[in-house]
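Structure first, commentary second.
The values are calculated or read from the model by the stated rules, or taken from the named source; none is laboratory data. Just so we're clear, the structure is a prediction, and the values are computed from it rather than from any experiment. When we count neighbours, we look across all protein chains shown, and the Cβ atoms used for this are built from the backbone with ideal geometry, even at glycine.
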Ligand code: KG4
Ligand code: ZN
């Protein structure tokens, strides 16, 4: 993208309706506005995300969220040079709302439309100026969110190799389910973390999955969290309601400690074996302070550059979508030059939504 160009990004893949505007200035991105509307209160009484409610809520508020992002940037639709949107993976009804809006804007304004994978968006949150110095390649990215727990190796911009993933629950999902078992407010992740951090005690000890490291040339540093969750469920089942209430803090502390340990161990085992220069940690679970502290201590020990964006960039947002879109259209990968945004035909509206869109390399 050329200097002074303005890009609108939209994210509606799960339960956050988000829009952001970025401007290209001196070859760098500047985040001009970033608006996120969370739907937590609408899903709370169901104890989890209800896809139909999520889609309906996106349809109700997206227009206003885009308008607010434009207003905060002092811009209008006529100022836009491109529009980017997440087209997968995610909840299909939710994805459709964002993609339809992005297509309408692209068609009406005759500007390019850029499809972005939600996972690449999370990784590219680390390349926004607000996340500090950009990471160096080769890098290993840990994406830990409510829907995914992936380890992705990148040798350069747009080159992704998934070298680990969860075999069952995502880390955030495990936190959420554990929170529910302990009767904590929704979503369970932040609530459980707050409770766990309120004590200095180590808490109840929980097992973590003992998955053997891959034998070369295999590259699969997988995770598994369901055993830890089942151990907590069993523990809770054996206690009376009063006992659970009494032990809640110790159970939360032990559970957080087990999940964090599993994430840190696997991630550093892969990072060291793959000899990466940087480690990028993103997704909602990267907000977890205990995880941030343990990753920092380990990274200092083994001298790997650690990049964890601020919490507001770790949970779902559209700024990360803009960052991925910008790099996608400007990157020169070894497979060839990326397509300059303004050369993508504005009438190419054949962007499909895919609820299980795989992470593919660019070029
Ligand atoms: O990336 P994200 O906003 O949405 C998805 O793409 O899933 O991640 C949301 C997840 C939820 O499971 C939430 O409980 C978890 O991130 N989360 C946390 C913390 N803050 C958010 N998990 C543990 N500790 C936290 N502080
Ligand atoms: Zn996400």
Checklist entry - What number of residues within region 299-319 are more than 17 Å from the chain's Cα centre (by Cα), buried (at least 18 other Cβ atoms within 10 Å of the Cβ) and assigned to a helix (DSSP H, G or I)? => result 1
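Here's the yes/no breakdown for (1) out of contact with any helix residue (DSSP H, G or I) (no Cβ under 9 Å at 6 or more places or on another chain); (2) away from ligand 2 (no atom under 16 Å from the Cβ); (3) part of a helix (DSSP H, G or I):
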| residue | (1), (2), (3) |
| --- | --- |
| 245 | yes, yes, yes |
| 249 | no, yes, yes |
| 264 | no, yes, yes |
| 279 | no, yes, no |
| 286 | no, no, yes |
| 296 | yes, yes, yes |
Checklist entry - In region 3-36, how many are more than 13 Å from ligand 1 (Cβ to nearest atom) and either in contact with a helix residue (DSSP H, G or I) (Cβ under 7 Å, 6 or more places away or on another chain) or in a strand (DSSP E or B) (or both)? => result 20
Checklist outcome for this item: Exactly one of 130, 110, 71 is over 25 Å from residue 357 (Cβ atoms) and outside the structural domain of residue 29 (by TED's automatic domain parsing), and that one is 130
Checklist outcome for this item: So the strands (runs of 3 or more DSSP E) completely within region 130-184 holding 3 or more residues that are more than 24 Å from residue 45 (Cβ to Cβ) and more than 16 Å from ligand 1 (Cβ to nearest atom) are 160-165
Checklist entry - List pairs: first in region 124-150 and over 14 Å from residue 314 (Cα atoms), second away from ligand 1 (no atom under 13 Å from the Cβ) and assigned to a helix (DSSP H, G or I), Cβ under 8 Å, 6+ apart or cross-chain? => result 134/126; 134/127; 135/126; 135/127; 140/267; 140/270; 140/271
